[in-house]
Structures are given as structure tokens and as C-alpha cells.
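Contents: one structure, followed by commentary.
The values are calculated or read from the model by the stated rules, or taken from the named source; none is laboratory data. From a predicted model like this one, the values you see are computed outputs, not experimental measurements. Cβ sites come from the backbone with ideal geometry, for glycine too, and all protein chains shown count toward neighbours. All accessible areas refer to the heavy atoms of the entire protein, side chains included, with ligands and DNA or RNA removed. Shrake-Rupley method; radii C 1.70, N 1.55, O 1.52, S 1.80 Å.
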Amino acid sequence: MRSDLGGSTLFPSVQAERDDDARVGDARRFVTEVENMAIRARGGGPLPRLDRIGGPDRTGTAFAVVDALGRFIDIGLHPSWWTALGPAGVAAGLLEALASARMKAALVPMILRRNGYAALPEREPAHARPEGESDLRAQIADAYRLIDDAGERLREREAIRVVDGPRGLFRLHLRGGRVERAELLAGPIPGDTDRLVADARDALTEAAKIRR
């Protein structure tokens with residue numbers, strides 16, 4: 001099932017084999033898919049859809065979805081997460097999956113530019129964009145700005161705060177709007193998957209509001 005572009009599934013399409021890092025093969029497939037979409041678009045096919053971009057953690061059992069600008073949309077856990085990550089690793093795995101998805105979102109404008117889609121000038125008004133290309137080109141331009149500003153934002157000295165999920169299972173530590181680490185507040189059991197995912201989702205949603 002497709003989970004990177006325009007899909008709705010929250011489970012990774014690939015899991016790590018043996019000791020491999022699932023993020024590597026996932027990123028390679030993603031780059032190839034976006035390049036193929038851009039090539040088809042140049043030949044008269046549909047423009048690439050960039051609304052949902054998914055990424056796994058290294059085990060392939062945690063999964064996150066972001067939009068074209070790397071903003072959090074959702075997370076999920078494959079049923080085998082208990083064996084691959086366990087209670088000690090699941091919080092870090094979810095954040096690793098989120099970082100993976102955001103990395104892929106940052107790659108998109110570079111892939112598209114390499115295939116003939118250039119970003120608009122940074123301050124070009126929306127009404128000046130060619131009809132039919134405005135949404136895609138606006139997304140690309142915004143993504144470039146996101147990449148350009150990332151280094152500066154990460155260096156900013158900001159207040160440290162804590163965001164807890166409403167179910168008391170998952171906690172995020174933020175510096176300003178940036179997630180620094182995550183932890184579990186209670187030891188889950190295998191049957192807690194849905195509650196854990198829901199609690200982590202709510203905490204990340206709240207963190208995304210702070211980030212914005």
C-alpha cells in the first residue's frame with residue numbers, strides 16, 4: 001500500500017529486514033517515486049501530490065506522516081513494535097519516524113527542482129502565480145523557506161517546556177517549538193498500542209500548535 005504521497009494508511013509499507021535500517025530503503029524508494037512523478041508531469045501527466053509524506057523509524061515499526069512543509073499530521077505503530085522497539089524504545093522510535101518523514105519532505109523541493117520545477121521568488125504574491133501551478137509552486141517555495149530557516153531556528157535559545165498526552169502515557173520535552181526528546185510516563189503492555197498511539201498523537205498535535 002502506498003503511504004508516502006496521498007495515502008491514508010499509517011503503517012509503514014516496508015519494515016527492516018535483519019539488521020537493516022528501514023529508513024534507507026524507504027528514502028530511496030521515495031526519491032525514485034517523486035522523480036518518476038515529476039517526469040510524468042513533464043510529459044503531460046498529473047502534477048506530484050505532496051500533501052502526505054510518511055516515514056518509518058529504523059525498525060520500520062513506528063511511522064509518522066507530515067505535510068509538504070514537514071508539519072505533523074499523524075503517527076502509527078505496526079503490531080510488531082513491541083518486539084522491535086519495546087517499551088524502552090517506542091517513544092524514541094516515534095520521534096525517529098517523525099524526523100524521517102520531515103527529512104523526506106525537505107528532499108521534495110530539491111528533487112522537483114532537479115527535474116525542472118523551480119521555486120518562485122520568495123515574496124511573489126499569490127495572485128501573480130500562473131493559474132494551474134499556484135498550489136504546487138507555492139508548496140515548493142514554502143518548503144525552500146522552511147529549509148533556509150531551519151538552521152537559524154535550531155540555534156535559537158528558547159524556553160524549555162513539557163507536553164503530556166491526556167492519557168498520561170506519553171511526554172514530550174520541547175525547546176521552544178522543537179521536540180528534543182520523548183518518554184513514556186507509564187509502562188505499557190502489548191494491548192496498550194491504541195492508547196499509546198492516541199496519547200502520542202495528541203501530545204504531538206499540541207506540540208505542533210506550539211511550533212506554529
Test result for Val66, in contact with a strand residue (DSSP E or B) (Cβ under 9 Å, 6 or more places away or on another chain) and either farther than 28 Å from Thr205 by Cβ or at pLDDT below 70 (or both) | no
From the option list Pro121, Pro125, Pro87, Pro46, single residue qualifying as surrounded by fewer than 18 Cβ atoms within 10 Å (Cβ to Cβ), modelled with pLDDT under 95 and in contact with a strand residue (DSSP E or B) (Cβ under 8 Å, 6 or more places away or on another chain) is Pro87
Taking the range 69-95 and keeping only residues that are under 20 Å from Asp202 (Cα atoms), touching a residue at least 60 places away in the same chain (Cβ under 8 Å) and outside any loop (DSSP other than H, G, I, E, B), one is left with Phe72, Asp74, Ile75, Gly76, Leu77, Trp81, Pro87, Val90, Ala91, Ala92, Leu94, Leu95
Condition check for Glu206: among the acidic types (Asp, Glu), within 17 Å of Ala64 (Cβ to Cβ) and surrounded by 14 or more Cβ atoms within 10 Å (Cβ to Cβ) | yes
Filter the range 155-193 for residues that are open to solvent by 60 Å² or more (accessible area, probe 1.4 Å) and under 13 Å from Val90 (Cα atoms); the one that is modelled with the highest pLDDT is Arg171
Reported set for the range 189-203 where residues are touching a residue at least 60 places away in the same chain (Cβ under 8 Å) and closer than 18 Å to Val66 by Cβ is Val197, Ala200, Arg201
